[in-house]
Amino acid sequence: MYRYTEHDRGFLKSRVAEFRDQTERWQAGEIDEDEYKQLRLRNGLYVQRHAPMLRVAIPYGQLSSDQMRALAHVARTWDKGYGHITTRQNIQYNWPEIPDVPDILDYLADVDMHAIQTSGNCIRNTTSDPLAGAAEDEVEDPRPWCELIRQWSTLHPEFNWLPRKFKIAVTGAESDRAAVQIHDIGLRLIKRGSESGFEVLVGGGLGRTPHIGSVIRDYLPGKHLLSYLSAILRVYNLEGRRDNLYKARIKILVATMGIDQFREKVEAEWQASSDTVSEVQASTIDALRAMFPPPPPVPGPALDASDLDARLESDPIFGQWYRVNTRGHRDTGRRIVYLPLKNDERPAGDLTDTMMDVIADLADRYALGELRTTHDQNLVFAHVARADLVALWRELRTLGLATPNLGHLTDMIVCPGLDFCSLANAGTLTLYDQVQARFDDIDYLHDIGEISVKVSGCMNACGHHHIGDIGILGVEKHGKEWYQLTLGGHAGNAASLGKRLGKALPQHEVIPAIDTVLNVYLSTRLHGESFAQTVRRVGVTPFQEVVYAVKVA
Amino acid sequence: MPLKLRDGKLVSHECTDQDDVLCLLQLQEQHPHSAQAVRLNPEDNALALQPWIRTLSRIDVTYPAYTDGRAHSQARLLRQRLGFAGEIRAVGDVRIDQISMMIRCGINAFECFDADTETGIASAQLCHLSALYNNRYQPEYPSVSTLLTDTVFQ
């Protein structure tokens, strides 16, 4: 992990002191409500439907076990005993009191954590591959580059008042687990000989007008990363729309101008600043790389592979978990283990303080003291020794964290919806509970295979419904909650946006409609064909006909 | 009374110059040879000032709202690209908590909507943060404390 220096700690402490001072001046009436809002947003503090909400940054989803314990302490001390993992790999607390927030931030600063730029019209927390440094298909570990971007973007003097929020994602693997095509800037690490560089995408995003990002540069040598990002940001800062909140994201600027003209402007800006803008020194990125070393070799005698194989043979429940919830590690002595946070006990992505503490202890014992959050609102232990898998699985089972549903129907992405969010038009949590209850037969889930269900409570699309195999968007009509279904969205290497199934449905018809869609899939699929492949082959019409035929009859 | 960064402090700056401040369009249409002060609106292209950059002693950049960050980039372009060494004055909705970032972008004078804000700014601490991140990798955005000791823009 990135190791904080005295410089970093000094910065964080003074940032907390600055925010404490701003909060006190707001309480004294010296800063008006609107200005305080802007200042608190840049420190992660929203005011939601019931109470303030504090969003704490988890840079590129990477946490130490001590940081996890600190997050548990925050949940216990200043919240109602839980936190919520977001689709941007951060954690949200729904019940802090505003006057306590400087204390919370001060406490978090002691474990090198903060809430800087987790909201506001500025550069947000950089997200990345939750399997970074462990995945078999990795070209290069993206985390040193993410850390570079984090430091560069933190309180960037020029880009703190952008037309709208700005999100950057980085992947270093062949398979994109960071959804780089739906970010304002997406970066794909590429190797050319010994040189690291990036394919740069721009103008992706979900929300009201979803766009898939366009390639602005096939290859950018890594040393130019910050100057090139600066050029994109400068063009956007000067030319992005500020008259309409819904047309202010960079995706609209790129779409209006066209990617070719946008590229010309960025390249011209970049060329012209080349002699006055610093480049990334090789020593800088090397020093950052040294902070993310590969995991040490597994200690002790090598596990006899046949032991695990025998176990997999003899224990079908363990076997199922192993196949669904774990992934290959580049070190064959290790395995990557997912902890899905989706079950019928609590809302998607929620963790109690007790669970956070227990998970932190498990991370110490089984995963080299570190863990990751994913944009699917799950957790990952990236470096588990194969010899420990059975013991870890047993412990996860008792905690309800071994449900073999990763990437399956009940592993939904769900925004907080009407229950918490003041923007939402419709509830999402009830729908989530209904899906968990209706589809609790694990064999049926495995028969359906990999499928993503993503639910947003409004057009802002925090639940990423556009890129779900089944997307569900909550809308409000005549004071009632309705749900618009889409099919065929995808977030991986070739991202695509879902197509509308038909008219919005009232809440009680959503689960039956999902049921129908699944039945059509099961009767239509060719051998071995995934849900996404079937939808691509036959389109949405066959699904539409059946879902809406029932209604007409 | 506008404030100007001088010897590491923001000091009130007597308007003895009584500058005649033109807007960019006037500059472009009238081509005066001796223009000293010009005002950029947020939508103006700062680089259009190139032909006059040697004669200008003051350029105003405007903040219709403190949340509008275009003038930050304009100031950077004036300093970085055009090498402008004179006064860049932030005019409009200028707030205390934004001063340090403005300074780091190259702004060195401030003229607020109201005198109270200016008085507040003059007595405020300019540099809350003991250290910064982004100038580790982009020293072209120096910290305020560096600016105050080096008096870069004086």
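Every number in this text was worked out from the coordinates using simple rules, so none of it is lab data. All values derive from a computational prediction rather than experimental measurement. Cβ: placed from backbone, ideal geometry, glycine included. Neighbour counts: every protein chain shown.
Quick one: Cα centre-to-centre distance for the stretch B:23-82 and the stretch A:13-44, in angstrom?
So the two Cα centres are separated by 32 Å.
Working from the pairwise distances between different alpha carbons, so that the mean of 1/r is found and then inverted, what is the stretch A:233-309's Kirkwood radius in Å?
17.5 Å
Which FRET efficiency value, to the nearest 0.05, do you get for A:Thr77 and A:Val111 by plugging their Cβ-Cβ distance into 1/(1 + (r/R0)^6) with R0 = 22 Å?
0.95
In nm, to one decimal, how far is the A:Asn244 label point from the A:Glu476 one, both placed 7 Å along Cα→Cβ?
2.2 nm
Can you compute the modelled spin-label distance between A:Gln434 and A:Asp260, with each label point 7 Å from Cα toward Cβ, in nm?
Going by the 7 Å Cα→Cβ label model, 4.8 nm.
For B:Asn41 paired with A:Ala28, estimate the spin-label separation in nm (one decimal), with each label point 7 Å from Cα along the Cα-to-Cβ line.
If labels sit at B:Asn41 and A:Ala28, their model points lie 3.9 nm apart.
Straight-line reach from A:Lys251: which lysines have a Cα under 30 Å away, not including same-chain ones fewer than 8 places off?
Hits, sequence-local ones excluded: A:Lys37, A:Lys165, A:Lys167, A:Lys191, A:Lys223, A:Lys265, A:Lys454, A:Lys477, A:Lys499, A:Lys503.
For the stretch A:249-265 and the stretch A:479-519, write down the distance between their C-alpha centroids in whole Å.
A separation of 30 Å, based on Cα centres.
For the stretch A:444-553, run through the trypsin sites (Lys or Arg not before Pro) and keep only the ones in DSSP coil with at most 13 other Cβ atoms within 10 Å of their Cβ.
Here the trypsin sites (Lys or Arg not before Pro) that fit, given the DSSP loop and packing criteria, are A:Lys503.
May I ask you to give the average projected area over all directions of the convex hull of the Cα atoms of the stretch A:134-289, in nm² rounded to one decimal?
9.3 nm²
Which whole-number percent of Cα pairs in the protein assembly as shown have a distance greater than 50 Å?
That fraction is 16 percent.
Can you spot the aspartates and glutamates whose alpha carbon is less than 13 Å from A:Lys247's alpha carbon? Ignore those fewer than 8 places along the same chain.
A:Glu239
Can you compute the FRET efficiency between A:His508 and A:Arg208 using 1/(1 + (r/R0)^6), with r the Cβ-Cβ distance and R0 = 41 Å? Round to the nearest 0.05.
0.95
Once you have the Cα-Cα distance between A:Glu97 and A:Asp441, take 0.36 nm times their residue separation minus that, and quote the gain in nm to one decimal.
119.7 nm
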